[in-house]
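Here the structure comes first, spelled out in structure tokens, and everything after it is commentary.
The values are calculated or read from the model by the stated rules, or taken from the named source; none is laboratory data. This structure is a prediction, so every number in the text was calculated from the model and none was measured. We place every Cβ from the backbone using ideal geometry, glycine too, and count neighbours over all the protein chains shown. In case anyone asks, the SASA skips ligands and DNA or RNA and just uses the protein heavy atoms, side chains included. Shrake-Rupley method; radii C 1.70, N 1.55, O 1.52, S 1.80 Å.
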Amino acid sequence: MKPTDRRGALRVGAAAALAGALAAGCGAEPRPAPASRRPGAAPGTAPAAAPAPAAAPAPRRFPGRPAEIAHGPRDRPRVALTFHGQGDPALARTLLGQAEKAGARVTVLAVGAWLDEHPGMARRILDGGHDLGNHTQHHTDINTMTEAEAHTEIEACATRLRRLTGSVGTWFRPSRTRHASQAVLRAAHRAGYPHTLSYDVDSLDFTSPGAAAIVRNVTGPLRPGSVVSLHFGYPDTAAALPLLLADLDRRGLRAVTTTELLT
């Protein structure tokens, strides 16, 4: 080969190499190898499936506690903030986020029909470290029902919870009433709940009295061991919750789940 021909061939090869380098540096990122060809995977092996979420905790029996629980021990600096679970899911997520930002854990008693419309809320509540329980299927006046009718309402919501989380939930709270009738207590026990959950502090947030009034309604009667009734679905509650949590912090009280309150 003539020297001039050789030099020309070298120039062509160098240009080709440079073009290849530029293409690798400026073009699309290299595609990852298929899962079956990644290091450590045998040829043709499918990617490992993500583990299924763990089942939610089941209801617990607390020896020495009555069938209807309205508060926890008075000698520990803890309280339980409990929410009736229905309404705008965006507002529910706001309330959960506010609690989590403050290091608080709450208890949500979900309405079955609400879970039918927003099934993702069940896992959102549990993933935040909160208690999730049963607040009947349709949120009607359960104390006016026969025992059989009440059991149907409770069991319907329990079925939704079991399907979504693997558990009927940790608590049952009767709907449209502070205290359950004896028939409702028996129906709840048949459905798998050793206790029903009442409360000793009512925020009255469902009347939309304003954030300041909600804070007063809670902080006035609040004591160590108190169980507080609050609701998803009301903007006043979202406005009040940061103020309420700040007040608890000043008083040295910690907001925990109802299960933690009683453990």
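Is it true that Leu115 is within 20 Å of the chain's Cα centre (by Cα) and without any contact (Cβ under 8 Å) to a residue 60 or more places away in the chain? Against the criterion (within 20 Å of the chain's Cα centre (by Cα) and without any contact (Cβ under 8 Å) to a residue 60 or more places away in the chain), Leu115 qualifies. Within segment 192-239, the set of residues being open to solvent by 10 Å² or more (accessible area, probe 1.4 Å) and small (Gly, Ala, Ser) comprises Gly192, Ser208, Gly210, Ala211, Ala212, Ala213, Gly220, Gly233, Ala238, Ala239. All of Arg105, Arg124 fail the test of being of a type outside the set (Gly, Ala, Ser), at pLDDT 95 or above and in a loop (DSSP other than H, G, I, E, B), apart from Arg105. With respect to (1) surrounded by fewer than 17 Cβ atoms within 10 Å (Cβ to Cβ); (2) under 10 Å from the mean Cα position of the chain (by Cα); (3) part of a helix (DSSP H, G or I), the lone exception for Gly129 is condition (3). Taking segment 212-253 as the region of interest, how many residues are small (Gly, Ala, Ser) and not in a helix (DSSP H, G or I)? Residues that pass the stated criteria total 6. Scan segment 90-119 for residues that are out of contact with any strand residue (DSSP E or B) (no Cβ under 7 Å at 6 or more places or on another chain) and of a type in the set (D, E, K, R) and jot them down. Hits for segment 90-119 are Arg93, Glu100, Lys101, Asp116, Glu117.
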